[in-house]
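Following: one structure in structure tokens, then a few remarks.
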Amino acid sequence: MMIETFDRHRIAGILLSVLTMIAVGFVLKQTKSVVIPLVIAWLLSYILSPAVNFMSRKKIPRALAISVVILFLFGVCYMGGIFLHARITALAEAFPKYQASFTELMRVLNEWLEVSYNPLTEVNWGMIVGGYLVTLSGSLFSFVSELVLVVVFLIFIFLGQPYFKFKLRKALSSEYADHIALIVSSISSQISRYLSLQVLVSAVTGILVWAALALIGVDFPITWGALAFFLNFIPTIGSIAASIPPVLIAFVQYYPSVLPGVAALVAVTTIQMVIGNGITPKIMGERLNLSPVVVLVSLLFWGWLWGVAGALLAVPITAAIKIVCENFTALRPISVMMGSGKAYRHSFED
């Protein structure tokens, strides 16, 4: 009888958890215009807080330190917006040339494969790609409006950070407050380190892709480097997506020669594999490696929830959740299951 009661309670708890997750997902989807800027501000706070805290330790007023960091953020976003607008304009102007070469390449490929009909030749690539470019240009304007909201959230987060420990001491006992503060500090430092290193690794990836493609002579190398930087936040899938456009451009640009396209393919693939499989695990540490299944599920979930923004934020959010679970004993099994498991292999093989 007691076992049946326990099973009922357990089943009820599982069902309640599922319903709660569905309800939270619905709320997050409906409020994404506000929640996405809040999440971006929360993640940015971990990257920019060290700069604010450093200036505060140097006796610079915190308000002035926050203003300097916000102005720097605005400057980076402004330069990034100008860069993206220029790249999109250049791609739109050069696209007709690539469309003609691509059509000719498809015709030759059909003859070589002895295929009388290829559905790809019937697609109006100019309209499709042009539509994507127009959509991307329009999204830049919506990004500016969301940036203002991100900055507002970021300012309030920075202003409230110094008083968190005092609120803990007032709300809880001294011993328990110090324990919670230590855990929060550990979580903050780990998330800050992870995000900062992720930005650094992505930047190095983008620079190497840009340099390699510039040496090969592929058009718009800096554009493909920037694409590699942004998509590097999405493990595996992002690397593949960032590699396809420059390789296609190289094949179309140098047609009928295939050597530059092959060189671009080898160069980009080598950079992505060396950094993704060799350097990143060494820098980040094996414990921060997420399971490929967890990455895929998080991409599907956050991508469905928030679109492209969700796909870009999926892995940082999931890594932050993993770090939080790792610092609480009761949640540590969840953190272990979210990991790749490579860090624990040697302890069971010995």
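Bear in mind that the values in this text are calculations on the coordinates, not laboratory data. The shown structure was predicted, so the numbers you read here are calculated from the model rather than taken from an experiment. Positions of Cβ are generated from backbone atoms using ideal geometry, with glycine treated the same way; all protein chains shown enter the neighbour counts.
Under the classification rounded if a/c is under 1.5, otherwise prolate if a/b is larger than b/c and oblate if not, where does segment 201-273 fall, given a ≥ b ≥ c as square roots of the Cα gyration tensor eigenvalues?
Cα axes put segment 201-273 in the prolate bin.
Quick check on packing: order 231-237, 218-224 by the mean number of other C-beta atoms within 10 Å, highest mean leading. Don't skip to the answer; put the middle values down first.
On the way: 231-237: 19.0, 218-224: 21.4.
Result, highest mean first: 218-224, 231-237.
Tell me, in nm to one decimal, what length is gained between Leu38 and Leu248 on full extension, where the rule is 0.36 nm per residue of separation less the Cα-Cα distance? Intermediate results must be reported in sequence, preceding the final value.
Working: separation 210, 0.36 × 210 = 75.60 nm, distance 3.69 nm.
Once the chain is fully extended between Leu38 and Leu248, it gains 71.9 nm.
Place a point 7 Å from Cα of Met273 in the direction of its Cβ. Which residues in segment 183-212 have their backbone N less than 19 Å from it?
Under cut-off, by backbone N: 205-206, 208-210, 212.
Sorted by packing (mean other beta-carbon atoms within 10 Å per residue), highest first, where do 59-71, 183-195 land?
Values: 59-71: 13.8, 183-195: 16.8.
Final packing ranking: 183-195, 59-71.
Estimate the FRET efficiency between Ile317 and Arg169 by the formula 1/(1 + (r/R0)^6), using the beta-carbon distance for r and 25 Å for R0, to the nearest 0.05.
Numbers: r = 30 Å, r/R0 = 1.18.
It comes out at approximately 0.25.
Give me log10 I(q)/I(0) at q = 0.18 Å⁻¹ for segment 141-244, Debye formula, one equal scatterer per alpha-carbon, no solvent.
Taking Cα atoms of segment 141-244 as identical point scatterers yields -0.96.
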